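Colleague: I have a structure here, written as structure tokens, and I will follow up with some questions on it.
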Amino acid sequence: MPLNVRSIAVSIAVICFFGIAIIGWLSGLSPFTCCKRALAGAVCAYIAAALAVKAINVILMNAMITDQMKQRKEKDSGDTD
């Protein structure tokens, strides 16, 4: 069963947004600068997380298909014996 790309990417982006905003706030930056940097970081994190989850889904689906093919092949070869 593939992973839900949007929910995972949004969760990671929100965590990154607040993490970057807090780091900027602790560094003494202005709120506008913190907001811009946090938003840019969240967008980058969303894109990276979405691509990573899509890659994981492809790997999982490939493994599931390979496993099904192997089981079917074993079943077919077992029936002829």
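The values are calculated or read from the model by the stated rules, or taken from the named source; none is laboratory data. Being a predicted model, the structure only gives us computed values, none of them experimental. Heads up, the Cβs are rebuilt from the backbone with ideal geometry, glycines too, and the neighbour counts pull from every protein chain shown. Heavy atoms of the whole protein, side chains included, go into the accessibility calculation; ligands, DNA and RNA do not. Shrake-Rupley method; radii C 1.70, N 1.55, O 1.52, S 1.80 Å.
Colleague: Please enumerate the residues belonging to the range 15-29 that are open to solvent by less than 70 Å² (accessible area, probe 1.4 Å), part of a helix (DSSP H, G or I) and of a type in the set (A, V, I, L, M, F, W, C).
Modeller: Once the filter is applied, which keeps residues that are open to solvent by less than 70 Å² (accessible area, probe 1.4 Å), part of a helix (DSSP H, G or I) and of a type in the set (A, V, I, L, M, F, W, C), the range 15-29 yields Cys16, Phe17, Ile20, Ala21.
Colleague: Filter the range 37-49 for residues that are in contact (Cβ under 8 Å) with a residue 24 or more places away in the chain and over 13 Å from the mean Cα position of the chain (by Cα) and give the result.
Modeller: The answer is Gly41, Ala42, Val43.
Colleague: Further question: Exactly one condition in (1) of a type in the set (A, V, I, L, M, F, W, C); (2) surrounded by fewer than 10 Cβ atoms within 10 Å (Cβ to Cβ); (3) under 13 Å from the mean Cα position of the chain (by Cα) is not met by Phe32; state its number.
Modeller: With respect to (1) of a type in the set (A, V, I, L, M, F, W, C); (2) surrounded by fewer than 10 Cβ atoms within 10 Å (Cβ to Cβ); (3) under 13 Å from the mean Cα position of the chain (by Cα), Phe32 is out only on (3).
Colleague: How many residues, within the range 1-25, are touching a Phe, Trp or Tyr at 6+ places or on another chain (Cβ under 6 Å) and in contact (Cβ under 8 Å) with a residue 40 or more places away in the chain?
Modeller: Adding up the residues that qualify gives 1.
Colleague: Also, I was wondering about something else. Which of the residues belonging to the range 57-81 are open to solvent by less than 80 Å² (accessible area, probe 1.4 Å) and under 22 Å from Ser7 (Cα atoms)?
Modeller: Scanning the range 57-81 gives Asn57, Leu60, Met61.
Colleague: Can you confirm whether Ala52 is part of a helix (DSSP H, G or I), without any contact (Cβ under 8 Å) to a residue 12 or more places away in the chain, surrounded by 14 or more Cβ atoms within 10 Å (Cβ to Cβ) and not aromatic (Phe, Trp, Tyr)? It would help to see each step written out before you state the result.
Modeller: Values: part of a helix (DSSP H, G or I): yes; without any contact (Cβ under 8 Å) to a residue 12 or more places away in the chain: yes; surrounded by 14 or more Cβ atoms within 10 Å (Cβ to Cβ): yes; not aromatic (Phe, Trp, Tyr): yes.
It is true that Ala52 is part of a helix (DSSP H, G or I), without any contact (Cβ under 8 Å) to a residue 12 or more places away in the chain, surrounded by 14 or more Cβ atoms within 10 Å (Cβ to Cβ) and not aromatic (Phe, Trp, Tyr).
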